[in-house]
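Heads up, the thing below is written out as structure tokens.
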């Protein structure tokens with residue numbers, strides 16, 4: 001009888017925890033991730049000749065309803081530039097998302113990028129990796145670039 005009570009008591013404690021964990025896996029949404037974000041990225045662009053060019057950036061953007069816009073300061077091989085960005089994104093219930101960006105210098109399109117991310121810290125933080133990048137003319141860029149971001153408003 002005591003072992004039955006102990007088993008029931010253990011189930012009463014554990015089962016709600018498992019249910020909460022399962023429920024938590026499906027809580028991310030477009031609405032919950034809307035707002036202003038700050039980000040950094042850093043990594044390497046790999047040229048066809050084998051050269052590796054360092055790249056880093058810091059910036060911010062605002063996203064809502066699948067659209068976003070913002071600005072960044074980017075350094076490529078030690079040369080910096082101020083850029084603006086626009087794009088779109090889609091958030092999945094499992095807290096993964098895909099972002100597509102168009103990046104402009106002085107109003108001229110210079111490149112496009114796609115980034116896959118995962119939200120954590122109750123959708124207040126994000127980590128990601130570039131999955132594609134290309135110049136404005138469509139020429140692909142091989143990259144190894146990671147992203148960290150934080151919701152600021």
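Taken together, the values in this text are just the output of simple stated rules run on the coordinates, not laboratory data. Here the structure is a predicted model, which is why all the values come from computation and not from measurement. Positions of Cβ are generated from backbone atoms using ideal geometry, with glycine treated the same way; all protein chains shown enter the neighbour counts.
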Assuming R0 = 30 Å, can you tell me the calculated FRET efficiency for the pair residue 134 and residue 27, based on Cβ-Cβ distance, to the nearest 0.05? 0.35
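Subtract the Cα-Cα distance of residue 152 and residue 104 from 0.36 nm times their separation in residues, and report this length gain in nm to one decimal.
On the way: separation 48, 0.36 × 48 = 17.28 nm, distance 2.32 nm.
Between residue 152 and residue 104, full extension yields 15.0 nm more.
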Full extension between residue 116 and residue 42 adds, at 0.36 nm per residue less the Cα distance, a length in nm of 25.2 nm
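Per 0.36 nm of contour for each residue apart, how much would the distance between residue 142 and residue 94 grow if the chain were fully extended, relative to their Cα-Cα spacing?
Working: separation 48, 0.36 × 48 = 17.28 nm, distance 2.78 nm.
Answer, rounded to one decimal: 14.5 nm.
Mind checking Rg over Rh on segment 30-151, alpha carbons, Kirkwood formula for Rh? Present the calculation step by step, with values, prior to reporting the outcome.
Details: Rg = 13.9 Å, Rh = 14.6 Å.
In segment 30-151, Rg relative to Rh is 0.96.
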